[in-house]
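Participant: What follows is a single structure, and I will ask about it in a moment.
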Amino acid sequence: MASDLNIETTTGSSWTGGWFSWTRQSDEMLRNIEKKILSCLKTAYKRFYVDIGSVVGQSDKIWTISLNEESPATPLVMLHGMGAGVALWCPNLDAFAATRPVYAIDLLGFGRSSRPKFASDATKVEAQWVESVEEWRREVNLGQIILLGHSLGGYIATAYAMKYPERVRHLILADPWGFPEKPSNVYEKYQVPLWIRAVATAVQPLNPLWAVRAAGPAGKWLVSKTRPDLSRKYVNYVKDAETVIPEYIYQCNSQTPSGEAAFHTLMAGFGWAKNPIVKRLDKLDPKLPITVLFGSRSWVDNSSGQVLSEHRPNSPTYVQVINGAGHHVYLDKPELFNKYVLEACARADAREDSPPPAAHAVEGAPAPAAIENAPTPTTTS
């Protein structure tokens, strides 16, 4: 069901041989574990590199998987979040590929894509990621696309839509990171204990996943122990998920932390961006249809969905809060997530640019056949 094209090791992404010996990371191991995860797919797919030239490094390459490329429908392009990779979309790919071409990429600096050194300025980093997506689109020879981004991928997708609105038929954001402004009294607002404030201050200069690399051979164990919930959620899709998923996440994040460092440059504290999207909503094309899917139990502040709707009162804006889902909304409630994404894709195909009035509001209460009842919310990520 799978075919690999132009398989090669990305250039310019290695540290010293001693470091790889310590971390037990290799491109071959990552490729094989990714293939094992994707073996759960029923739809035939291809894996290949797309050479995008010197966007950030000397010869940047974007690792890509594609499904149902021959379909005449509008292609769906998927951008993952921080520290993730294409294989983690496996609960969603078959459903999406049933109706259209689907492309999922490892963002530049993550997964199997090249790991160049990004700029040290947040505005420049954002521009570099946007241009990497645009050069990838040109090389793959896609016209208009439906662009879906999760978390950091949602931030990049939004920035891309601001720069290239004519390329995006519909923008879909899954629990997007980087929308609200950072509160001036964040510690007091969230009643953060003093000892946690001290720890946060101490590790602030470090990249978010530094501990995974520092742990060396124990990195996989660290991933499995700190996020056992992720593995459990893949059990219905991936054989031996309890070991395979932590290995994949570890292999993705034990390499040179190129994208991770770029994300750190964008950050104003982990939950906020230095250049928050809400401060530049006027740069979004008012004709661009946008669907936003939040998890009710996510750490992401979903009030930005209401802000987005209010800022675009006469624009096609659909905001949905999925009860019971955390930050990984595509994984926590995959059937509902797939349903809402497919509905957005159908609207894009039909060029329905004027939603019903109710679609502009954040749905915080259950609606018939739309939102599941949720248990008492707890913080997830």
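The values are calculated or read from the model by the stated rules, or taken from the named source; none is laboratory data. Quick caveat, the model's predicted, so the values are computed rather than measured. When we count neighbours, we look across all protein chains shown, and the Cβ atoms used for this are built from the backbone with ideal geometry, even at glycine.
Participant: Being assigned to a loop (DSSP other than H, G, I, E, B) and at pLDDT 80 or above is the filter here, so list the residues in the stretch 216-254 that pass it. Working first, answer last.
Facilitator: Pass one, the stretch 216-254, residues assigned to a loop (DSSP other than H, G, I, E, B): 227, 234-240, 254.
Across the stretch 216-254, the qualifying residues are Tyr234, Val235, Asn236, Tyr237, Val238, Lys239, Asp240, Ser254.
Participant: Moving to a separate point now. What pairs come out if I take residues in the stretch 63-75 that are part of a loop (DSSP other than H, G, I, E, B) and pair them with residues that are of a type in the set (Asp, Glu) whose C-beta lies under 9 Å away, six or more apart or interchain?
Facilitator: Close Cβ pairs satisfying both conditions: Ala73/Asp349; Thr74/Asp349; Pro75/Glu69.
Participant: Looking at the stretch 76-109, which of its residues are under 18 Å from Arg31 (Cα atoms) and either free of Cβ contacts under 8 Å to residues at least 40 places away in the same chain or assigned to a strand (DSSP E or B) (or both)?
Facilitator: Tyr103, Ala104, Ile105
Participant: Turning to a different aspect of this structure: Taking the stretch 97-122 as the search range and keeping residues that are of a type in the set (Phe, Trp, Tyr) and within 21 Å of Leu67 (Cβ to Cβ), which one is modelled with the lowest pLDDT? Outline the logic, then answer.
Facilitator: From the stretch 97-122, those of a type in the set (Phe, Trp, Tyr) are 103, 110, 118; that's our starting set.
Now narrow it down to the ones that are within 21 Å of Leu67 (Cβ to Cβ): 103, 110.
Values: Tyr103: 99, Phe110: 96.
Out of the qualifying residues, it is Phe110.
Participant: For the stretch 130-157, what are the residues that are within 13 Å of the chain's Cα centre (by Cα) and more than 17 Å from Thr74 (Cβ to Cβ)?
Facilitator: Within the stretch 130-157, His150, Ser151, Leu152, Gly153, Gly154, Tyr155, Ile156 qualify.
Participant: For the subset of the stretch 298-315 comprising residues that are in a loop (DSSP other than H, G, I, E, B) and in contact with a helix residue (DSSP H, G or I) (Cβ under 8 Å, 6 or more places away or on another chain), which member is surrounded by the most Cβ atoms within 10 Å (Cβ to Cβ)? Walk me through how you get there before you give the answer.
Facilitator: In the first step, residues of the stretch 298-315 are kept if they are in a loop (DSSP other than H, G, I, E, B); the result is 299-302, 312-315.
When the remaining residues are screened for being in contact with a helix residue (DSSP H, G or I) (Cβ under 8 Å, 6 or more places away or on another chain), the result is 312-313.
Numbers: Arg312: 18, Pro313: 10.
In this case the residue turns out to be Arg312.
Participant: Further question: Can you name the number of the only condition in (1) within 14 Å of Val244 (Cα to Cα); (2) modelled with pLDDT of 95 or more; (3) in contact with a helix residue (DSSP H, G or I) (Cβ under 6 Å, 6 or more places away or on another chain); (4) not acidic (Asp, Glu) that Lys35 fails?
Facilitator: (3)
Participant: I need every pair where a residue in the stretch 312-327 that is more than 17 Å from Lys283 (Cβ to Cβ) and of a type in the set (Ser, Thr, Tyr) has its Cβ under 6 Å from the Cβ of a residue that is modelled with pLDDT of 95 or more and surrounded by 21 or more Cβ atoms within 10 Å (Cβ to Cβ), sequence separation at least 6 or different chains.
Facilitator: Tyr318/Thr291
Participant: Given (1) among the aliphatic types (A, V, I, L, M); (2) modelled with pLDDT of 95 or more; (3) out of contact with any Asp or Glu (no Cβ under 6 Å at 6 or more places or on another chain); (4) part of a loop (DSSP other than H, G, I, E, B), where does Val55 come up short, assuming only one miss?
Facilitator: Unmet for Val55, out of (1) among the aliphatic types (A, V, I, L, M); (2) modelled with pLDDT of 95 or more; (3) out of contact with any Asp or Glu (no Cβ under 6 Å at 6 or more places or on another chain); (4) part of a loop (DSSP other than H, G, I, E, B): (3).
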